[in-house]
């Protein structure tokens, strides 16, 4: 496997270098992005920095007026965060567990992912972290639940705790203040595992529904659409009846979700398809409507047809154009609403953890960014909150941003870094 990794890095680096010479100079960002014409790549670009981590006091770079510290460290691939009403912080520790590679491209992709610790043995647990003295650093760590199946999303409704494993949603009885779940819980919904494996969860403001992001198995329905049934969707679970249905579809990999308080709309960040170029198509932030279809795999950014896919003209015609482009292959995963007053110098808007690309000639993402909102809609260019996760020569990843939440004090952000194995805390300087 090490030999494959080295060969992949060499071949991938050569392909990336050649393609970089023709790479767009401007990222496809904002409400009216310039999206380059698709260029079929044939051999997909594979470019992944090696996992370096943070050493010798090295920290992410903060926006002016902010500071950052490690709230918790020594984790095993932390991905998602949930803050409980008493201030306890839950962290899902899990990673992709790759199946047997079927093609040479599978071998190459897996070798590339291992360079940055993106696949391997999963911890399959949720840990609880408690800051007892309020200094912004957790002193207590407890195993909240273990022996799960790639746990990710977490929600609490009353005394019921919901956990999004890759194969479905489990629910447990839970009392706030306890440091661990008891029993094995109850399986409520089954999801197909593998492929895009994360299962984010978000409760409705009134607690009556829970929404779950379920990504596609493949890039563009490569194994047929039958195996994609129930995938590339956001599901809605009725808390009272435990009935579940597809709420929205055509979302290749919808991960983070958040409520926008002015309009009450559900928003999500979506990872788009590969193999059409560095900026084509861009990942995106969008509002989501009940019954909405957002294009995958037939088209992107509205009705731009992907001619690699057998077409469905009726679905293409109804595809909804996303609200805000986030750049090609930025792997925007984390999402939370941040009200004005949380961080100095920042108003209302969405905070997005951009995990970072592995499939373009010039790397993108590797940042925690802010998109300002006004009257329920994005209202301007994004701003960096944290950066510096990638070395200047793009060979090393010090960290990779994932989940983000408002801290227990309401005046901070907590962000999971699955390469640094740290939960970072951002506050005013």
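Quick grid of which residues meet (1) out of contact with any strand residue (DSSP E or B) (no Cβ under 9 Å at 6 or more places or on another chain); (2) crowded, with 24+ Cβ neighbours inside 10 Å; (3) in a loop (DSSP other than H, G, I, E, B); (4) without any contact (Cβ under 8 Å) to a residue 60 or more places away in the chain:
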| position | (1), (2), (3), (4) |
| --- | --- |
| 269 | no, yes, no, no |
| 278 | yes, yes, yes, no |
| 287 | no, no, no, yes |
| 296 | no, yes, yes, no |
| 302 | yes, no, yes, yes |
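Note on segment 229-257: residues that are out of contact with any strand residue (DSSP E or B) (no Cβ under 8 Å at 6 or more places or on another chain) and in contact (Cβ under 8 Å) with a residue 40 or more places away in the chain amount to 0.
Here is the figure for segment 304-332: residues that are part of a strand (DSSP E or B) and either within 14 Å of the chain's Cα centre (by Cα) or surrounded by fewer than 21 Cβ atoms within 10 Å (Cβ to Cβ) (or both) total 4. Are any residues in segment 36-49 at pLDDT 85 or above and surrounded by fewer than 20 Cβ atoms within 10 Å (Cβ to Cβ), and if so, which ones? Result: 36, 37, 38, 39. Being surrounded by fewer than 19 Cβ atoms within 10 Å (Cβ to Cβ) and either more than 30 Å from residue 277 (Cβ to Cβ) or in contact with a helix residue (DSSP H, G or I) (Cβ under 7 Å, 6 or more places away or on another chain) (or both) is a description that does not apply to residue 81.
Per-residue answers, yes or no, for (1) more than 19 Å from residue 267 (Cα to Cα); (2) in a strand (DSSP E or B):
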residue	(1), (2)
372	no, yes
404	no, yes
408	yes, no
425	yes, yes
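Contact map, segment 86-98: first residue under 21 Å from residue 140 (Cβ atoms), second residue surrounded by 19 or more Cβ atoms within 10 Å (Cβ to Cβ) and at pLDDT below 95, Cβ cut-off under 6 Å, separation 6 or more or different chains; the map is empty. Residues in segment 373-429 that are touching a strand residue (DSSP E or B) at 6+ places or on another chain (Cβ under 7 Å) and without any contact (Cβ under 8 Å) to a residue 40 or more places away in the chain: 379, 380. Quick check, is residue 335 outside any loop (DSSP other than H, G, I, E, B) and either over 30 Å from residue 244 (Cα atoms) or free of Cβ contacts under 8 Å to residues at least 24 places away in the same chain (or both)? Spelling it out, it is not the case that residue 335 is outside any loop (DSSP other than H, G, I, E, B) and either over 30 Å from residue 244 (Cα atoms) or free of Cβ contacts under 8 Å to residues at least 24 places away in the same chain (or both).
Taken over segment 114-143, residues that are assigned to a strand (DSSP E or B) and over 22 Å from the mean Cα position of the chain (by Cα) amount to 5. Residue 222 meets each of the listed conditions (1) assigned to a strand (DSSP E or B); (2) without any contact (Cβ under 8 Å) to a residue 40 or more places away in the chain apart from (1). When restricted to residues that are in a loop (DSSP other than H, G, I, E, B) and surrounded by fewer than 18 Cβ atoms within 10 Å (Cβ to Cβ), segment 53-75 contains 9.
The values are calculated or read from the model by the stated rules, or taken from the named source; none is laboratory data. Note that the coordinates shown come from a computational prediction; the quantities given were computed from them, not determined experimentally. Please note: Cβ atoms are built from the backbone with ideal geometry, for glycine as well, and neighbour counts cover all protein chains shown.
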